[in-house]
Amino acid sequence: GYEQDIVVAMRGIYTGKFVKANTSLPNPGAELDWGVSFSSRPVALKGYVDYRPGTVNKANAPHTGMSGKPDIANVQVFLTDWSSPFRISTSSGKFVDYDTDAGIIAIGTADFNATSGYIEFTIPITYRSTTRIPRYVVIAASASKYGDYFTGSTSSVMYVDEFSFVYDPAELTEEQRAM
């Protein structure tokens with residue numbers, strides 16, 4: 001089987017490594033290396049999710065408007081040609097900018113509201129470049145979409161299972177292929 005590092009942190013899971021915690025006040029946080037070696041070109045990520053959102057009871061800028069609303073879960077996948085895994089630093093606000101990061105070759109994302117048990121999902125992956133070769137893949141799932149900004153509910157619970165890549169476009173619906 002194909003084994004990679006998968007890390008659970010901040011009420012989420014991602015491919016990569018936990019580097020260190022910053023416990024100094026007033027700006028605690030963590031450093032994470034996002035991405036594991038990967039060179040394939042899948043067309044989608046499939047899996048199952050079961051999500052029980054809580055009410056957002058921790059809200060920080062720029063997502064203070066989420067306070068008191070139901071939490072949102074998120075699963076994302078992206079392929080990159082970064083020279084190394086991306087070092088996230090929540091203390092200093094260093095995150096991947098999905099819109100402008102030149103190293104992102106392809107991306108797919110989906111948000112989830114409450115489910116009543118496991119539901120299957122398929123996230124189409126949209127390629128920004130079909131000539132560049134991926135070096136890393138990041139798959140991240142979070143019970144609080146804005147958890148990187150310490151915004152979410154302390155009672156949200158998300159279960160994910162059976163992640164797999166789709167390589168044959170014929171396995172996607174017409175709507176999924178159009179995304």
Exercise. When the residues of segment 64-79 are filtered to those that are open to solvent by 50 Å² or more (accessible area, probe 1.4 Å) and under 23 Å from I119 (Cα atoms), which remaining residue is nearest to the chain's Cα centre (by Cα)?
Worked result: P70
For this session: Output the number of residues of segment 24-46 satisfying the condition of being of a type in the set (G, A, S), open to solvent by 20 Å² or more (accessible area, probe 1.4 Å) and part of a loop (DSSP other than H, G, I, E, B).
Result: 3
Exercise. Out of all the residues in segment 47-63, which are open to solvent by 30 Å² or more (accessible area, probe 1.4 Å) and charged (D, E, K, R)?
Worked result: R52, K58
For this session: Please name all residue pairs, on different chains or six or more residues apart, with Cβ atoms under 7 Å, provided the first residue is in segment 157-179 and is touching a residue at least 24 places away in the same chain (Cβ under 8 Å) and in a helix (DSSP H, G or I) and the second residue is among the hydroxyl-bearing types (S, T, Y) and open to solvent by less than 80 Å² (accessible area, probe 1.4 Å).
Result: Q176/T122
Seminar exercise, completed: Of the residues in segment 80-114, those that are in a loop (DSSP other than H, G, I, E, B), of a type outside the set (S, T, Y), open to solvent by 30 Å² or more (accessible area, probe 1.4 Å) and in contact (Cβ under 8 Å) with a residue 24 or more places away in the chain number 5
Exercise. For segment 137-155, does any single residue satisfy the condition of being more than 22 Å from F86 (Cβ to Cβ), open to solvent by 20 Å² or more (accessible area, probe 1.4 Å) and modelled with pLDDT under 95?
Worked result: yes
For this session: Among the residues of segment 37-59, write down those that are over 22 Å from Y159 (Cα atoms) and of a type in the set (A, V, I, L, M, F, W, C).
Result: F38, V43, A59
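The values are calculated or read from the model by the stated rules, or taken from the named source; none is laboratory data. If you're wondering where the values come from, they're calculated on a predicted model, not measured in any experiment. Note that each Cβ is placed from the backbone with ideal geometry, even for glycine, and that neighbours are counted across all protein chains shown. Ligands, DNA and RNA are stripped out before the accessible areas are found, and what is left, the full protein with its side chains, is counted by its heavy atoms. Shrake-Rupley method; radii C 1.70, N 1.55, O 1.52, S 1.80 Å.
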